[in-house]
Structure formats: C-alpha cells, structure tokens
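Undergrad: Sharing a structure, written as structure tokens. Questions coming.
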Amino acid sequence: MTNQPFRPMGRRDFLRNLAITSGAITIGGSLIAACGGQSTTTVDGLAIGTPDNPIKLPTSIEPIKDGLANETGTLEILNWADYQNPESIAIFEKQFGCKVATSIYDTEEAAIAKLRNGTFKPDLILGMTDTGLAKLIAADLLQPLNKSYIPNFKNVITGLQSPYYDLDSQYTVPYFVYANGIGYRTDRIDKNAFAKNGYDTLWDAQFSGKLGVLDSYRDTLAMAMFRAGNFDANTTDAAIIKKAGDDLVAMREATNPKVDILAYQELSSGNRDINFTWSGDLFTALQYLPEGVSPEVLGFWYPEKTVAKNDFMCIAKGAKAPVLAHQLINFLTDTDNALLNREYVGYQPALESITVDLLISTGTIPESLIDALVTPEKYDAGLAQVSLEPTTDALWLEQWTRFTAG
Amino acid sequence: MDTLHRGLKQANLKRSPGLWAGFAIPGTVWLIALFVIPFYAVACIAFGTIDPIFRDAVPQWNPLAWNFAQAQEIFTSLITGPLRGVAVRTVIYVVCALSLCFLFGFPIAYFLARHAGKRKLLLLVLIIVPFWVNYLMRMLAWVNLLSVDGLFTRFMRNFGVNYNWLDGSPITVILGLVYGYIPFLILPLYATLERLDWRLVDAARDLGANSRQAFRMVTLPLSKAGMVAAGILIALPMFGDYYTNDLLSRSPSTEMIGNQIDFFLNASTEPQKGALLVLALSMFLLLFMSFYLRSTRQQSRQVTR
C-alpha cells in the first residue's frame, strides 16, 4: 500500500488556499442569505469559514427524498489511491447487491478541475478537505445530504458533527482525522528528547541525512513558526513568514533534510531517524516494517500546539446512485466497518466510538504509538489552517522556494 | 543522358508543382499541433492570470494583453534570487552526467561498432534489454538497492565503503541521471560509428599515425556530429528531469529546475511561475539546439565541398 492520499499539497495545502466562497461566486447571494447572520472572514472577495467564524453553506437543490430504494448497478467513487479497504468495499457490494467502481485522484486541485469539466462523474467523493469543499461549493458540484440514510452519523466525533467549514454537516461527513507532529525511531532517539528540545530536535545536526519534513509548504512553514513561538498557522505577518523561511534554511544547512511525504516508508525501513509528518503516517508505517522488526521502534511526538485536521465524504450533484452513495457513507461510519477500513488505510476514522482504548485493546495499534492518536480533545485543541489570500500566499511560497531551492 | 534526366525532372516539376511541397504538410501539421500551439499555450499561461476562486491558471490568449510582471520576478530570481542556485546546480549536474555518459558510453559504442564482430547484435540487445523496463521501475529498484540495508550498500561495505547513498547526495543524483540516460547516448553513437568509413583510419595508420593520433584526428572528428546529436538527445531531457531527483534524493540541496517547475505547476497556487520556468528553460535549451544546427550545417557544407 502506498500513502497516496497524502500527496504534497494536494490534500492539505494547495486547496487550503481556497475559501468557503461567497461574494465572488455565482451563488454568492444565496450564500450570504444562507449564512443567516453567521460571520465569515472575507478576503479578496472570498468568504472563509474558520473555527472562530464557522459558515453554513448555501444549498441550491434539495437533498434526495426519504425512503428511496437503493439503485442497482454501479456506484462510482472518486478517492485517493489506497484510501479505502478493498475488503470493506467487497462487503458493501455483497450487502447492497451493487458494483463499486473507483476513480483515483492525486491532487484535490486536479480532481476538482476534472469534476468541473465533466471528466469525473462520480457519485461519492472521498478524502476532500475543507478548502476543497470551498471549490466544490463554488462550482456547485455537490448535493446536500439526507441524513435519514446515515443513521451512523451519530458515531462521528461530536465536535465534528457540525464543523466550522460546513455547519450542520449539510454536505459532508468526516472520514479520517490526523495531526502534525514528529515521527521518530524509538531505537535511535530517546522519547525524552522531545520533552526537552521539542521542535529543535529537527534542527539537530546529528540527524543530518536521516531527517525528513513534509513536502507541504503550509505545514512545514507553520511548524517552523510554532518552533519560534508563533502559533498562528495562517499568519499574514511578513516578518514571521520570513523568519520561518530563515529557520528552515538554517535547518537545511544543519541537517540536509528530505522534503517528501514518505515518512511512513523511510522510518519503517530505517533510512530516517526522524520526520516531521502527519500522525496517520505512523499507523501506515506499521505495514512497512521489515519482517522481524518490532512495531515499538516507531514513535510519535504530538506537540502541545499543532495543526489538527480531517477530511470527509460528500456526494456529487447529479450522482446516478445517490442512495447507494448515502449507504456507503453510512457503511463507513459504522464502527466495525470503519475499523476494517482503517486496517488497510492506516489513518484514524473520525468516529467517537473508535477510542484510544479500543484501538489499543484490539491490538491494531501498539502502545508506543498511543501519542499519534488524535483524541476528540486533541482535535478540539488543534490549530486550524485556512485559506490565505493570494498576496499572503505568495509570501509563504517565496519562503518555501528559498528553502526547497537549496 | 544528363540532358534527358534534366528534361524529365523539369517536366515532373511542371506537371505537379505542389507535389514536393505537399510532402512537407504532415511535418508542418505535426509541428504546429504538437509544438507551436502547445508552446503558445505555455506562453499564454505564463503571461496570463490566476482564477481568484479556483486558483487555476487562466491563459491570456491575446499577446497584447500579456502580463510580464511575474516574468520579471522569475527571471530576477533565476539570476540573483533563490532560483539561481537551482539553475546553476542543474547545469552542473547535467554537465557532470553528460561527461560521465560520454566517458562510459563512447568506449562501449566504439567497441560495439569496431570490435564486437559476430557478437555485435547480442551485445546490443544485452545493453538495450534492461531499458525495456520502465524508467520509474528501474529507479525504484535502485532506491531499494541503495537504501541503508540495501543489497548494493551491504555489498560495498565489504570493500570498506560505508556510504549513505540516499541521504540527499549529489553523487547519487548524477549517477542516477547517467544510469537513466546512457543507453540513449550509446545507441546514436553506435549508429554513427558503425557507418564510419574505417578505411580512413587504416589510411591514417598507413600514413604514419599511431592509433591514438588516428583516433584523435580521424575517428573523433568523423564522429563529432553523432556525438553532438547523442549529447543533445540526452542533455535536453536531463535539464527538465525531476523524477530522478525525486526518487533518489528529495533533498533541497539537490533540487533541479525540473523540480521547481513540478512544484509550481502541480503543488503551488502560482502555476504561471511554472510555465515561466518552462519558457526560461526552453530559451536556454535553444542555445544547445542552435549549436547542434550549426554543427550539422557545417557538416553538410563539408560534405558538399
């Protein structure tokens, strides 16, 4: 299995620079009306829903009616590679007497472009993030959900049942949660090093050539900001952004880091000692451990203040099998099915019922990785990343280029 | 007879004046469809704008409305800014890889053309067969071989070489480029050397040249056109290569211009910068092409004389 869902930028950053849109889009008027007094941040004509200013999205059509029969035939899914367990899908097919066909995307941007021009015509879309949602709504590509088909929605983490990017979950149901932190080899780095040095560990020259950071300018620059004590992951302050760039250049000179999204492979194989990465990568890494190597060699430092995110499932407007699409969302939010799906994907389902105790007691996750789990409390305490206006985004990119251009 | 031929030729030309020009149509259509229009599209993206909502590139099809502000920024960056290091590094890597390709490739092509005898075909096939495997697959195989516990790394430890090949080393990237592109140098070189009139070398030897002099004064000049063509054939894709670096290094310290193009086009909110880098790279590569064209023109002049 590969970790394609977490391709650079595609999932997190590139589309994070887009917003829950209002004024500049064709449905702007209805959005403002639908906002019903909810305040949103408006940047360059874009209305951005944030944790402080959540947004209720407009609905241009009604959800499907209650009590419709399941369609026969094929349910078309659009998903990241290896982001669903084939075994789970086979069970669903058998249970609902249908076929499931999956198309793959590797960046949200490309997927949305293809949805807009009609290349992709899926029923169900998996793995998009809040900034992808902004585009999908702007292009009027989604249909609102009818929750009467999704009784398992109650299993979703309570704090995510009405997320800031989609109040009342009109269009979306959370899929997986993850947070940014540092994965490391416990056989080479003492756990206490992080308590003492925190992010500074990534600047330690002793790990030169054995260290990696995420190929994701928003995540990695934000990490450098957190290290410097600036905890606004969406800062517009040019001096703070420049300082983060300077610090990353210093890191490059000290440690010659790898910049990619391969922590789950490289930590497992032993090619790296330490990697700034997404928490879910450590669970995926378990599957890449060479034979005979204990899962205990993998550890994760979950910073006190860090970015915590989730992705979600949503149904395309004009879906040919909308009932089946609802059924699959319901299927994947069932605890047992979500656990089975997690076994393959690695990441952590966004369900309240899948607790740390459950994951540890079922033996699916070793205790050494308990810190990599995102609990509802951790999620609530997480820092959010939202879209940046173009001029600010250019500042972030400028510093990222300074770092990556060597 | 000459008069008869000339007469027939003139009669043919008169009868079908468009016939010969017509042969150029497929090539012209091909060039327009697959070079001129795409290149124009790249320019329109480079000098265009960005969709404020979807952040896609919005091409500006009217050249009179092209916006050159970003171009100035990118070119400044390439000359004095952050991208300068990448540009210089790319040139150094390609020059090193090209030199190594010639160092290893020329003797192989020479041997195949001159000394392989009956085994020529077999040896050619042996050289080509590994390259039937997809480039990415071959590079991924090397990633495994070169990893800390990889076969190659362990093998080299037997000789006291304990090197972490995948720690973002320029050597690994350059060797990766050599490995990836060398067959495309050997084959055209072999084709050139194989057609070489070796009697000229024999004549040089008869006239007193030793083998080294004969090689330097006869073989090398006669194979110059093939060398230039083969060199350009592999240098052009090397300049735009990004996946070798992606697979074997992924370190900013080995970043090449192709990696920056990939980033701006696929993973940033400024795709027009990627298009501008494509244009900048194309302009740079035109220098190589002009050198090649000049070289072939000189060759044809010499033949005409």
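The values are calculated or read from the model by the stated rules, or taken from the named source; none is laboratory data. Keep in mind that this is a model prediction, so the values were computed, not measured. Reconstructed Cβ throughout: ideal geometry from the backbone, glycine too, with neighbour counts over all protein chains shown.
Undergrad: Among A:Leu289, A:Leu267, which is the only one that is within 25 Å of A:Ser208 (Cβ to Cβ) and surrounded by fewer than 18 Cβ atoms within 10 Å (Cβ to Cβ)? First the steps, then the outcome.
TA: Working: A:Leu267 fails: surrounded by fewer than 18 Cβ atoms within 10 Å (Cβ to Cβ).
Exactly one of A:Leu289, A:Leu267 is within 25 Å of A:Ser208 (Cβ to Cβ) and surrounded by fewer than 18 Cβ atoms within 10 Å (Cβ to Cβ), namely A:Leu289.
Undergrad: Related question: Could we say that A:Ala308 is assigned to a helix (DSSP H, G or I) and touching a helix residue (DSSP H, G or I) at 6+ places or on another chain (Cβ under 9 Å) here? Steps first, answer last, please.
TA: Numbers: assigned to a helix (DSSP H, G or I): no; touching a helix residue (DSSP H, G or I) at 6+ places or on another chain (Cβ under 9 Å): yes.
Against the criterion (assigned to a helix (DSSP H, G or I) and touching a helix residue (DSSP H, G or I) at 6+ places or on another chain (Cβ under 9 Å)), A:Ala308 does not qualify.
Undergrad: Which residue is nearest to the chain's Cα centre (by Cα), if the candidates are limited to segment A:157-187 and must be charged (D, E, K, R) and outside any loop (DSSP other than H, G, I, E, B)? I'd like the intermediate steps shown before the answer.
TA: Initial filter on segment A:157-187 (charged (D, E, K, R)): A:166, A:168, A:185, A:187.
After this cut, where a residue has to be outside any loop (DSSP other than H, G, I, E, B) as well, the list is A:168, A:185.
Details: A:Asp168: 19, A:Arg185: 24 Å.
Selected residue: A:Asp168.
Undergrad: Which one is modelled with the lowest pLDDT, of the residues in segment B:149-161 that are surrounded by fewer than 17 Cβ atoms within 10 Å (Cβ to Cβ) and under 18 Å from B:Leu175 (Cα atoms)? Explain how you work it out, then say what you get.
TA: Our first condition is that a residue be surrounded by fewer than 17 Cβ atoms within 10 Å (Cβ to Cβ); within segment B:149-161, this holds for B:149, B:151-152, B:154-161.
Those left that are additionally under 18 Å from B:Leu175 (Cα atoms): B:151-152, B:155-156, B:161.
Numbers: B:Leu151: 92, B:Phe152: 92, B:Phe155: 93, B:Met156: 92, B:Val161: 88.
The qualifying residue modelled with the lowest pLDDT is B:Val161.
Undergrad: Looking at B:Met289, B:Met227, B:Met283, which is the one that is part of a helix (DSSP H, G or I), farther than 30 Å from B:Gln72 by Cβ and either in the same structural domain as B:Ser99 (by TED's automatic domain parsing) or free of Cβ contacts under 8 Å to residues at least 24 places away in the same chain (or both)?
TA: Values: B:Met289 fails: farther than 30 Å from B:Gln72 by Cβ; B:Met283 fails: farther than 30 Å from B:Gln72 by Cβ.
Every option except B:Met227 fails the conditions.
Undergrad: Let me ask something additional. Taking B:Phe54, is it among the hydrophobic types (A, V, I, L, M, F, W, C), closer than 30 Å to A:Leu115 by Cα and free of Cβ contacts under 8 Å to residues at least 60 places away in the same chain? Walk me through how you get there before you give the answer.
TA: Values: among the hydrophobic types (A, V, I, L, M, F, W, C): yes; closer than 30 Å to A:Leu115 by Cα: yes; free of Cβ contacts under 8 Å to residues at least 60 places away in the same chain: yes.
Considered against the rule, which asks whether it is among the hydrophobic types (A, V, I, L, M, F, W, C), closer than 30 Å to A:Leu115 by Cα and free of Cβ contacts under 8 Å to residues at least 60 places away in the same chain, B:Phe54 comes out as yes.
Undergrad: Could you tell me which residue of segment B:49-80 is nearest to A:Leu133 (Cα to Cα), considering only residues that are of a type in the set (Phe, Trp, Tyr) and either within 10 Å of another protein chain (Cβ to nearest Cβ) or out of contact with any helix residue (DSSP H, G or I) (no Cβ under 9 Å at 6 or more places or on another chain) (or both)?
TA: Narrowing segment B:49-80 to residues of a type in the set (Phe, Trp, Tyr): B:54, B:61, B:66, B:68, B:75.
Imposing the further condition that a residue be either within 10 Å of another protein chain (Cβ to nearest Cβ) or out of contact with any helix residue (DSSP H, G or I) (no Cβ under 9 Å at 6 or more places or on another chain) (or both) reduces the set to B:54, B:68.
On the way: B:Phe54: 11, B:Phe68: 32 Å.
Looking at the filtered set, the residue picked out is B:Phe54.
Undergrad: For B:Leu145, work out the one condition from (1) modelled with pLDDT of 90 or more; (2) over 21 Å from B:Leu98 (Cβ atoms); (3) buried (at least 21 other Cβ atoms within 10 Å of the Cβ) it doesn't fulfil.
TA: (3)
Undergrad: Given (1) free of Cβ contacts under 8 Å to residues at least 40 places away in the same chain; (2) part of a helix (DSSP H, G or I), where does A:Asn152 come up short, assuming only one miss?
TA: In the conditions (1) free of Cβ contacts under 8 Å to residues at least 40 places away in the same chain; (2) part of a helix (DSSP H, G or I), A:Asn152 misses (1) alone.
Undergrad: If you take the residues of segment B:262-273 that are buried (at least 21 other Cβ atoms within 10 Å of the Cβ) and assigned to a helix (DSSP H, G or I), which of them is farthest from the other protein chains (Cβ to nearest Cβ)? It would help to see each step written out before you state the result.
TA: Going through segment B:262-273, the residues buried (at least 21 other Cβ atoms within 10 Å of the Cβ) turn out to be B:263-264, B:267-273.
Next, from what is left, pick out any that are assigned to a helix (DSSP H, G or I): B:263-264, B:271-273.
Numbers: B:Phe263: 7, B:Phe264: 8, B:Pro271: 9, B:Gln272: 12, B:Lys273: 8 Å.
Restricting to residues being buried (at least 21 other Cβ atoms within 10 Å of the Cβ) and assigned to a helix (DSSP H, G or I), the top hit is B:Gln272.
Undergrad: When you look at A:Leu383, is it under 16 Å from A:Thr236 (Cα atoms), at pLDDT 85 or above and either touching a Ser or Thr at 6+ places or on another chain (Cβ under 9 Å) or surrounded by fewer than 17 Cβ atoms within 10 Å (Cβ to Cβ) (or both), yes or no? Give the derivation first.
TA: Values: under 16 Å from A:Thr236 (Cα atoms): yes; at pLDDT 85 or above: yes; either touching a Ser or Thr at 6+ places or on another chain (Cβ under 9 Å) or surrounded by fewer than 17 Cβ atoms within 10 Å (Cβ to Cβ) (or both): yes.
It is true that A:Leu383 is under 16 Å from A:Thr236 (Cα atoms), at pLDDT 85 or above and either touching a Ser or Thr at 6+ places or on another chain (Cβ under 9 Å) or surrounded by fewer than 17 Cβ atoms within 10 Å (Cβ to Cβ) (or both).
Undergrad: Which condition number does A:Arg218 fail, the rest of (1) within 13 Å of chain B (Cβ to nearest Cβ); (2) in a loop (DSSP other than H, G, I, E, B) being met?
TA: (2)
Undergrad: Strands (runs of 3 or more DSSP E) wholly in segment A:1-108 with at least 1 residues that are surrounded by fewer than 16 Cβ atoms within 10 Å (Cβ to Cβ) and at pLDDT 90 or above - which ones? Can you show your working first?
TA: On the way: elements: A:41-43, A:46-48, A:74-79, A:99-104.
In segment A:1-108, A:74-79, A:99-104 are the strands (runs of 3 or more DSSP E) which contain 1 or more residues that are surrounded by fewer than 16 Cβ atoms within 10 Å (Cβ to Cβ) and at pLDDT 90 or above.
Undergrad: Right, another one. Can you pull out every residue in segment A:238-264 that is more than 10 Å from chain B (Cβ to nearest Cβ) and either more than 16 Å from A:Gln206 (Cβ to Cβ) or polar (S, T, N, Q) (or both)?
TA: A:Ala238, A:Ala239, A:Ile240, A:Ile241, A:Lys242, A:Lys243, A:Ala244, A:Asp246, A:Asp247, A:Ala263, A:Tyr264
Undergrad: Can you tell me which of (1) crowded, with 19+ Cβ neighbours inside 10 Å; (2) over 27 Å from the mean Cα position of the chain (by Cα) is the one B:Val173 doesn't meet?
TA: Evaluating B:Val173 over (1) crowded, with 19+ Cβ neighbours inside 10 Å; (2) over 27 Å from the mean Cα position of the chain (by Cα) leaves (2) as the failure.
Undergrad: Looking at this structure, is B:Leu83 touching a residue at least 12 places away in the same chain (Cβ under 8 Å), surrounded by 15 or more Cβ atoms within 10 Å (Cβ to Cβ), within 13 Å of another protein chain (Cβ to nearest Cβ) and over 30 Å from A:Ala205 (Cβ atoms)? Steps first, answer last, please.
TA: Working: touching a residue at least 12 places away in the same chain (Cβ under 8 Å): yes; surrounded by 15 or more Cβ atoms within 10 Å (Cβ to Cβ): yes; within 13 Å of another protein chain (Cβ to nearest Cβ): yes; over 30 Å from A:Ala205 (Cβ atoms): no.
So B:Leu83 fails the test.
Undergrad: Could you go through segment A:351-372 and let me know if any residue there is crowded, with 21+ Cβ neighbours inside 10 Å, touching an Asp or Glu at 6+ places or on another chain (Cβ under 9 Å) and assigned to a loop (DSSP other than H, G, I, E, B).
TA: no
Undergrad: Return the only residue of A:Leu267, A:Leu324, A:Leu289, A:Leu282 being away from chain B (no Cβ under 11 Å), at negative phi, part of a loop (DSSP other than H, G, I, E, B) and not acidic (Asp, Glu).
TA: Values: A:Leu267 fails: part of a loop (DSSP other than H, G, I, E, B); A:Leu324 fails: part of a loop (DSSP other than H, G, I, E, B); A:Leu282 fails: part of a loop (DSSP other than H, G, I, E, B).
The match here is A:Leu289.
Undergrad: What number of residues in segment A:135-149 are modelled with pLDDT of 90 or more and assigned to a helix (DSSP H, G or I)?
TA: 3
The rows are residues; the columns are (1) surrounded by fewer than 19 Cβ atoms within 10 Å (Cβ to Cβ); (2) touching a residue at least 24 places away in the same chain (Cβ under 8 Å); (3) assigned to a loop (DSSP other than H, G, I, E, B).
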{"residue": "A:Gly229", "(1), (2), (3)": "yes, no, yes"}
{"residue": "A:Ala233", "(1), (2), (3)": "no, yes, yes"}
{"residue": "A:Thr236", "(1), (2), (3)": "yes, yes, yes"}
{"residue": "A:Ala239", "(1), (2), (3)": "yes, no, no"}
{"residue": "A:Ala244", "(1), (2), (3)": "no, yes, no"}
{"residue": "A:Val259", "(1), (2), (3)": "no, yes, no"}
{"residue": "A:Asn271", "(1), (2), (3)": "no, yes, yes"}
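Undergrad: So which of B:Val88, B:Val95, B:Val42, B:Val29 is exposed (fewer than 13 other Cβ atoms within 10 Å of the Cβ), under 22 Å from the mean Cα position of the chain (by Cα) and in a helix (DSSP H, G or I)?
TA: Exactly one of B:Val88, B:Val95, B:Val42, B:Val29 is exposed (fewer than 13 other Cβ atoms within 10 Å of the Cβ), under 22 Å from the mean Cα position of the chain (by Cα) and in a helix (DSSP H, G or I), namely B:Val88.
Undergrad: Here's a follow-up. Could you tell me which of the residues A:Ile150, A:Ile89 is of a type in the set (Val, Ile, Thr) and within 24 Å of A:Pro54 (Cα to Cα)? Don't jump to the end; show me each part of the working.
TA: On the way: A:Ile89 fails: within 24 Å of A:Pro54 (Cα to Cα).
So the residue among A:Ile150, A:Ile89 that is of a type in the set (Val, Ile, Thr) and within 24 Å of A:Pro54 (Cα to Cα) is A:Ile150.
Undergrad: Still on this structure, please answer the following. Just one of (1) within 10 Å of chain A (Cβ to nearest Cβ); (2) in contact (Cβ under 8 Å) with a residue 12 or more places away in the chain; (3) surrounded by fewer than 21 Cβ atoms within 10 Å (Cβ to Cβ) trips up B:Arg250, so point out which.
TA: It fails just one condition, (3).
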